[in-house]
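Some notes on the structure that comes next.
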Amino acid sequence: MADRYVELKSVSKSYGGVPALTKVDFRCEPGRVHAILGENGAGKSTLMKLLAGVIQPDSGTISIGGQTVRFSSPREAAEQGTVCMFQELSLMPHLSVGDNIVLAAPRTRMGLVERGVYREAREALDLVGASSIPLGARVSGLSLSERQLVEIAKAVFRKPKLLILDEATSALTSELVETVFGVLRMLKAQGVAILFISHRMHEVDAIADRISVFRNGRHIETFDVGARTTDQIVGLMIGRSLEELFPPRRPPVPDTTPAVLDVSDVSWQSQLVNVSLAARAGEIVGLGGLDAQGQQQIMHAVFGVLRGVTGRIELNGKRLNGLQPPRLKQSDIGLALVPEDRKTEGLIPSMSVALNMRLAALGRAPFGLLDLNGNSDARLRQLIERLALTYGSLEDPVATLSGGNQQKVVLAKWLVLSPKCLLLMDPTRGIDLGTKAQIYRLLTDLAAEGMAVILQSTDYEELIHLCDRVYVFYRGSVAKELKGDQLSADALIAASMNVHLHARAQMS
Amino acid sequence: MTDATERTVTPRKSPRWLNRDRMSVLLIALGCVALLLGGSLLYPGFLKPGYLLQQLQIAAFLGIIATGAMMVILLGEIDLSVPWTITGTAIVVISASGSSNPLVASLAIPLGLCLGMAVGFLNAIGVAIFRVPAMVWTLAVNAMLLGAAVFYTGNSRPNGEVPWLATQAATGRSFGVPNAFLVWVVVAAITVWVLKRTVYGNYLYALGNSRRAVFLAGARVPLVTVATFVLAGLFSSFGAILLLGYTNQAYQGMGDPYLMPVISAVVIGGTSIQGGRGNYVGTFVGAIFITLLSSILSVMQMPPAARQIIFGAIILVMLLIHGLTDKNGDI
Amino acid sequence: MTWLRQNAREAIAALALVVLFAAYIAIHPRGFSTYVVTIWSNDGTLLGLAAIAQFFVVLVKGIDLSVGSVVALTNVVASFVLNGSPASIALGMVAVLAVGVACGLVNGIAVVYGRVQPIVTTLATGGMFSGIALLLRPTPGGSIDETMSDALTYAVAGIPVSAIVLVVVLVALLVLLRRTAVGLGLYGVGSSEQSAYMTGLRVNRLKLFAYASSGFIAALAGIYVSMVTLTGDPNIGPSYTLNSIAAVVLGGVALSGGVGSPIGAVIGALILKTISSLMFFSGLPPLAQPFFEGLILATAIALGALGVFRVRSRLELYR
């Protein structure tokens, strides 16, 4: 067997003129776990999509087992043994778990799918620790972590030669992560090449043999695990020190300041269980935890998206239960939400920058006539300045802006209403570092002006360096509130896995 | 659909003045010119002003009805209750106008418009509140209207009188130009302004593109939906009243031949059937195109069957040109 | 229990059908007899097949406004070719089915490769198909082999042949849809085109297959219409299109794709047929019947949509 399994030579890929990968040389070997590290937007996902045949390189060559390949679809890649577990799940929601797995590599006899294949699907599920998920269950009824397990089982089922895992374990608890890692070690022993994308350093430490760091679409460096300290790796990933990225710490807001947003004992379905939290004027409050532990739902509950929420939600003493977004955004309440998915929830990608920025304030135009809405247009112009928005023309579709500028448009849309409390759901996902730093500074400034900012984030650094306090969610409730000196990476990880620090020390 | 994952819109390379909307309008306008030239070869009287003005008059009925249909389509929904909204309105107006009660007779036209709005409201209830797919719900409403019309008229032609105003508006001329066309131009001007310069118009386009984003921006989504369907009903009724003035009679099924031309006019005019994209000028020219096309087919004395085939084929070809030339969008 | 929860819409529709059928039998002057059941089953099979044709397109997130036109066209073609020697009838049968598949493929190609939305594609092609039918046979007429018609429209041992035909078709389709990679792939594509593509399914080919199958089943419906009416009629299209859409919705097939079964579509069709038969014998004035039919249809659809009030996250309402 050749020493290298996959080799990329000088591969570049750009989307509509924006480079996603620039002249990347990269290789990985069979029987090893190769971790790919990088900030959001560093080009990790583009790399994976290239290998999996979802997209094709603009220039450069990809070779597998010494032979140059060019896959035109995921199907072709899979036929050659490349299987990818995508970050955006590739499960078909209305099909059963069994059908989803079997469809990935159906074996038929006389046109009919062999029954034995389902037995193998069952074994694959059991292997990854999903024995509690029945084959007949519909995927749409599963939780995010169950879906991730099915996705991993599906990948394993296809008996890959190159297995790519893109944030495969983001919603899994520590026990499940260990089971999955066991499977990966087994595959590794069988000679499978594994690419492991994650932004969780401790997982990379536990499973990877080699690490490659990507930044801004370039391959920065590759080294064996243990050759660099965590701080050095983070430095390579962000290309500067954390101190440059984050604004200086602000003095803590005194405990005596009354809360702007006061949430107490809120429950919803089984996904929120007696959640209580508060945010004071001038505070940036973080919400952390594994994926989908309730931190998104509490934001939706506050913003009136959910029905049947019990408990009490108050803003400056006004009860918000039962109110919906059109009411909540009015100036006497002053609530704003920057939603999680920029492309489908925050923006209307095909429409103009101008319309997207006006969208929240549209309803305030006198008599419904835009020509009379000069006030808010003037405010928007100020905000464009303040946010340092870079754009070609305000009439261009907002999709033509970079991810960072798109997020600025979402922020401008809400800031024009001067909200009193700003809810942000993972606002820096997929954004370049320069813009990230600008957004951090903006949030700090807004807090200093007296706004209460609630920041839900999947980025530990953000929670540690930007927030005054962090609520860590686990299975729908607040597992821990961390503040001041308690805010550290280890404490956050431990709390989000709901394990105590010393227990974790033994585990790793 | 090979680019399923890369749905991000890439910047277009084409010059800015020739955007997708203008391209559609240009295409359909060229189609009109081709029809006129082709028609003049077959039939010399084709390019005479008298004939052309008559075409514009007929196109006005279609165009006004298509105005409402376009708004609903911009919203990302569809209104299949158009045929029996037209018939129902015509029946109500003609019987009210022929009523012996002078008050009822004088209110015939407002009554007809109210009927249209009521139908629109009923459509909106199903779509906005029950979230039934518009295609199914408006079809069911259409079936109910049909039933109500059959019941009311006893399956015979309704008797009555066509209001003077309807006749004047539909068949009269001012300064040599058909009134119907003038009415349509006014409707068009107002529509263009509403779509571009009002909050409602902006919401309409935005909702057609992404209901989710608009809802999360704190808009009253159901209100916009209801308003749009009510407006569509109003336009259907308005068109029906003009049509009544033109044909001078109401009969069962008079609206049936309008569904396909109305939707065709909107869609070949460049409005995306999925909502959120399109401009009114396209619909305007689209209505003229459809009218010219059916006029030529009848001038050529084609049997109705052949007319139907050619009509369908030309619409399909226009749609295919859109579909194949526009990489980003879907019709 | 899980089956019931996952197929609640179909189960409720089946229950409604049983109740309606009982009411129909009770109200019918001749009561439960082979004759009554055979007529009911023949009518139901016609619409049932049209509904299955609609189902295939809806399954992959489409909508087919040309179903009725394809039924009319194949019915007209059948009236030319379904007579003579057994061999020529067999050949004629193949020809009719080929016409149906061709119509389906035209739709499919325009949708898949021409990138035109299904609703406008089929609106345009529907006009063309029914135009061709009108051209072939401007007024109803033609002849159909009567022996075959009798064999397919009467009853054997008290069971209507049409019901047997329908059950055979359904079993074959269920095997196709639930036990073959192609069938599962169709559900996959309808459920999420992107996921299906990522999983390595041939999305375009599967969609074409769905449209072609729709044409095939519509042709079966066209043939069966000929068997029942013994003529070719170019004008029967519109009611089949409307009712087939209503039928799949009533039978729990989601217009958003990936959900439902041909059984549901057939149950929906039988419900519609039973309602209109009920109306006929209900003693309501004939002129009021169309209105009540429409009203019942709208009510049924609205009832089916009551689930929206159980949706706990409003985001799910705005897709």
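The table that follows gives values for the structure above.
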item: Only listed residue being surrounded by 13 or more Cβ atoms within 10 Å (Cβ to Cβ), at pLDDT below 90 and assigned by TED's automatic domain parsing to the domain that holds A:Leu323, chosen from A:Leu261, A:Leu290, A:Leu277, A:Leu272; result: A:Leu290
item: Of all residues making up the range B:243-255, the number that are under 21 Å from B:Phe181 (Cα atoms) and either part of a helix (DSSP H, G or I) or within 12 Å of chain C (Cβ to nearest Cβ) (or both); result: 5
item: Entirely in the range C:181-295, the helices (runs of 4 or more DSSP H) that have 2 or more residues that are touching a residue at least 60 places away in the same chain (Cβ under 8 Å); result: C:181-191, C:203-229, C:237-250, C:262-281
item: Which listed residue, of C:Met227, C:Met279, is more than 26 Å from A:Val139 (Cα to Cα), buried (at least 23 other Cβ atoms within 10 Å of the Cβ) and either more than 14 Å from chain B (Cβ to nearest Cβ) or not hydroxyl-bearing (Ser, Thr, Tyr) (or both); result: C:Met227
item: Of all residues making up the range A:295-324, the number that are away from chain C (no Cβ under 13 Å) and buried (at least 19 other Cβ atoms within 10 Å of the Cβ); result: 5
item: Where C:Ile144 falls short, out of the listed (1) more than 8 Å from chain A (Cβ to nearest Cβ); (2) among the hydrophobic types (A, V, I, L, M, F, W, C); (3) in a helix (DSSP H, G or I); result: (3)
item: Matching residues, the range A:75-123, being small (Gly, Ala, Ser) and crowded, with 16+ Cβ neighbours inside 10 Å; result: A:Ala77, A:Ala78, A:Gly81, A:Ser90, A:Ser96, A:Gly98, A:Ala104, A:Ala105, A:Ala121
item: Every residue from the range B:209-242 that is in a helix (DSSP H, G or I), farther than 18 Å from B:Gly120 by Cα and without any contact (Cβ under 8 Å) to a residue 40 or more places away in the chain; result: B:Arg212, B:Ala213, B:Val214, B:Phe215, B:Leu216
item: In the range B:143-163, residue farthest from B:Gln252 (Cα to Cα) [restricted to those that are exposed (fewer than 14 other Cβ atoms within 10 Å of the Cβ) and without any contact (Cβ under 8 Å) to a residue 12 or more places away in the chain]; result: B:Gly154
item: Among residues of the range A:12-26, those that are of a type in the set (Val, Ile, Thr), modelled with pLDDT under 85 and touching a strand residue (DSSP E or B) at 6+ places or on another chain (Cβ under 9 Å), counted; result: 0
item: Criterion: buried (at least 21 other Cβ atoms within 10 Å of the Cβ) and out of contact with any strand residue (DSSP E or B) (no Cβ under 6 Å at 6 or more places or on another chain) - qualifying residue of A:Ala354, A:Ala378, A:Ala360, A:Ala388; result: A:Ala360
item: Residues being in a helix (DSSP H, G or I), polar (S, T, N, Q) and more than 17 Å from the chain's Cα centre (by Cα) - total across the range B:164-205; result: 5
item: Single condition A:Lys188 does not satisfy, out of (1) in contact with a strand residue (DSSP E or B) (Cβ under 7 Å, 6 or more places away or on another chain); (2) assigned to a loop (DSSP other than H, G, I, E, B); result: (2)
item: Strands (runs of 3 or more DSSP E) wholly inside the range A:401-494 containing at least 1 residues that are surrounded by fewer than 23 Cβ atoms within 10 Å (Cβ to Cβ) and without any contact (Cβ under 8 Å) to a residue 60 or more places away in the chain; result: A:477-483
item: Selection from the range A:220-235 of residues that are in contact with an Asp or Glu (Cβ under 9 Å, 6 or more places away or on another chain), under 21 Å from A:Gly43 (Cα atoms) and either assigned by TED's automatic domain parsing to the domain that holds A:Ile284 or loosely packed, with under 14 Cβ neighbours inside 10 Å (or both); result: A:Asp224, A:Thr230
item: Only one of B:Ala206, B:Ala180, B:Ala166 that is within 26 Å of A:Leu335 (Cα to Cα) and either within 9 Å of chain A (Cβ to nearest Cβ) or surrounded by 20 or more Cβ atoms within 10 Å (Cβ to Cβ) (or both); result: B:Ala206
item: Given (1) facing chain C (nearest Cβ under 8 Å); (2) not in a helix (DSSP H, G or I), index of the condition B:Pro158 fails; result: (1)
item: Given (1) within 14 Å of chain A (Cβ to nearest Cβ); (2) under 18 Å from C:Ile301 (Cα atoms), number of the condition C:Val266 does not satisfy; result: (1)
item: Wholly within the range A:55-174, helices (runs of 4 or more DSSP H) carrying at least 2 residues that are away from chain C (no Cβ under 11 Å); result: A:115-127, A:144-157
item: Any chance B:Val9 is surrounded by 12 or more Cβ atoms within 10 Å (Cβ to Cβ), assigned to a helix (DSSP H, G or I) and either at pLDDT below 80 or more than 14 Å from every other protein chain (Cβ to nearest Cβ) (or both); result: no
item: Residues that are buried (at least 24 other Cβ atoms within 10 Å of the Cβ) and of a type in the set (Val, Ile, Thr), drawn from the range B:32-77; result: B:Ile64, B:Ile65, B:Thr67, B:Val72, B:Ile73
item: Enumeration of residues in the range C:147-205 that are away from chain A (no Cβ under 12 Å) and of a type in the set (D, E, K, R); result: C:Asp150
item: Candidate set from the range C:88-123 (those that are outside any helix (DSSP H, G or I) and in contact with a Gly (Cβ under 6 Å, 6 or more places away or on another chain)); member that is farthest from C:Val58 (Cα to Cα); result: C:Gly114
item: Among the residues listed as A:Arg107, A:Arg122, the single one being charged (D, E, K, R) and under 23 Å from A:Phe71 (Cβ atoms); result: A:Arg107
item: Lone unmet requirement of (1) touching a residue at least 60 places away in the same chain (Cβ under 8 Å); (2) surrounded by fewer than 16 Cβ atoms within 10 Å (Cβ to Cβ) for A:Arg342; result: (2)
item: Which numbered condition C:Pro86 misses (of (1) within 9 Å of chain B (Cβ to nearest Cβ); (2) over 23 Å from C:Glu193 (Cα atoms)); result: (1)
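Conditions (1) in contact with a Gly (Cβ under 6 Å, 6 or more places away or on another chain); (2) among the hydroxyl-bearing types (Ser, Thr, Tyr); (3) at pLDDT below 85; (4) within 17 Å of A:Gly430 (Cβ to Cβ), marked per residue:
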residue: A:Phe367; (1), (2), (3), (4): no, no, yes, no
residue: A:Leu372; (1), (2), (3), (4): no, no, yes, no
residue: A:Ser376; (1), (2), (3), (4): no, yes, yes, no
residue: A:Gln382; (1), (2), (3), (4): no, no, no, no
residue: A:Arg386; (1), (2), (3), (4): no, no, no, no
residue: A:Ser393; (1), (2), (3), (4): no, yes, no, no
residue: A:Asp396; (1), (2), (3), (4): no, no, no, no
residue: A:Thr400; (1), (2), (3), (4): no, yes, no, yes
residue: A:Gln406; (1), (2), (3), (4): no, no, no, yes
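The values are calculated or read from the model by the stated rules, or taken from the named source; none is laboratory data. Just so it is clear, the model here is predicted, and its values are computed rather than measured. Note: ideal-geometry Cβ built from the backbone for every residue, glycine included; neighbour counts use all protein chains shown.
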